[in-house]
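The values are calculated or read from the model by the stated rules, or taken from the named source; none is laboratory data. The structure displayed is predicted, hence computed values, not measured ones. Ideal geometry is used to build each Cβ from the backbone, glycine not excepted, and the neighbour counts take in all protein chains shown. Only protein heavy atoms, including side chains, enter the accessible area calculation; ligands, DNA and RNA are left aside. Shrake-Rupley method; radii C 1.70, N 1.55, O 1.52, S 1.80 Å.
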Amino acid sequence: MSTKIALKFSRSNRIYRPSEPVEGKIVIESSSSISHYGISLSVNGSVNLQQVRGGSAGVIESFYGAVKPITIVNKSIEVKPSGKIGSGTTEVPFTMVLKQNGEKSSERFYETFHGTDVSIQYLFTVDIARGYLYKSLSATMEVIVESDKADLLERPVSPEMAIFYITQDTQRHPLLPEIKSGGFRVTGRISTLCSLLDPISGELTVETSAVPVSSIDIHLLRVESILMGEKIVTETSLIQTTQIADGDVCRNLTLPIYVILPRLLTCPSVFAGPFSIEFKVSIVISFQSELPKLHKKSDPRTPRLWLAVETLPLELVRTR
């Protein structure tokens with residue numbers, strides 16, 4: 001005898017706001033009828049440290065035992081009282097609201113975020129109690145929570161552009177002698193305040209460069225900070241890399257910058273008491289050299305002799 005249970009939400013993208021009803025069905029497939037002591041549905045929303053790092057532990061991860069998860073919401077409802085479920089496929093509808101109107105919460109409803117060290121998740125779990133002789137049946141699925149419309153900025157955000165220029169003199173790390181002596185100059189502008197619905201945009205121009213350019217990339221970085229007693233521990237990690245040029249580009253040719261933001265790996269910038277989530281954007285110029293072949297597995301965040309880097313803060317917001 002086999003029984004399968006699954007959660008099926010009314011929205012295929014599973015995106016909800018805290019004040020909206022989360023609706024769906026509990027789908028039960030059983031080869032024979034089963035007795036149960038009630039079907040319950042619970043939701044747990046929390047801010048957690050996420051131990052997914054391979055290899056050596058990260059800075060924040062090494063303090064994991066000292067940090068408690070922050071509970072955002074934890075509630076449960078009875079969907080169906082005790083009884084019997086017939087053989088075949090049974091669908092049990094449900095409705096749950098994360099935050100009722102006028103209901104006070106100790107924590108604000110942060111948006112869903114999957115980071116390296118900080119994760120914000122809202123997990124729905126269905127449980128079918130079957131007594132002492134049988135193992136309970138359960139299934140868990142995550143929903144994506146976005147800010148309530150009342151908390152959003154009413155007007156669209158005009159991207160704030162930061163003007164940058166990158167030369168051998170702006171680099172704080174050592175460069176190859178031929179790059180340092182020959183010189184280069186890259187100028188442009190890029191958005192540093194951006195709506196999550198819009199791309200990071202801008203433009204870039206290689207004005208001069210004695211050494212041929214190998215590639216130009218835009219790195220999107222997350223900066224996660226956690227309060228550990230009286231100390232703030234911060235760790236920066238790479239979210240994604242977008243290449244905007246491959247090979248030696250023409251001088252004085254304007255190149256567009258257009259970077260799509262990944263949904264689950266970004267969220268509105270958060271500055272809470274116990275933790276914060278910030279973002280940065282790096283313009284990385286790679287010059288032609290034989291050295292990269294010897295460092296194929298090097299950390300992309302680490303400045304190298306053949307790289308020129310300019311990093312700027314990036315504020316992300318959600319708008320209507």
Vicinal HN-Hα couplings computed from phi for segment 92-100 (Karplus, 6.51 cos²θ - 1.76 cosθ + 1.60; Hz; Gly/Pro x): 10, x, 9, 9, 8, 10, 5, 9, 6
Debye log10 I(q)/I(0) for the chain, one point scatterer per Cα, at q = 0.11, 0.14 Å⁻¹: -0.83, -1.10
Which order do 191, 19, 76, 42 take when ranked by solvent-accessible area (1.4 Å probe, heavy atoms of all protein chains), largest first? 76, 19, 42, 191
Relative contact order (%) - criterion: Cα under 8 Å, at least six apart; region: the chain: 17 percent
Name the most mobile residue of 173, 114, 219, meaning the one with the largest mean-square fluctuation, in a Gaussian network model of the chain with Cα contacts below 10 Å. 173
Length gained if residue 236 through residue 169 is fully extended, taking 0.36 nm per residue and subtracting the Cα-Cα distance, is 21.7 nm
Count the lysine pairs in segment 160-317 that are 8 or more places apart or on different chains: how many have C-alpha atoms under 24 angstrom apart? 5
Within segment 182-208, name every residue whose backbone N is under 12 Å away from a label modeled 7 Å from Cα of residue 149 along the Cβ vector. none
Could you pull out every one of the aspartates and glutamates with an alpha carbon less than 16 Å from that of residue 84, ignoring same-chain neighbours closer than 8 positions? 29, 127
Count charges around residue 180 for me, please; just the other residues with Cβ under 15 Å from its Cβ, Lys/Arg as +1, Asp/Glu as -1. +1
Where does each of 165, 132 land when they are ordered by accessible area, with a 1.4 Å probe and the largest first? 132, 165
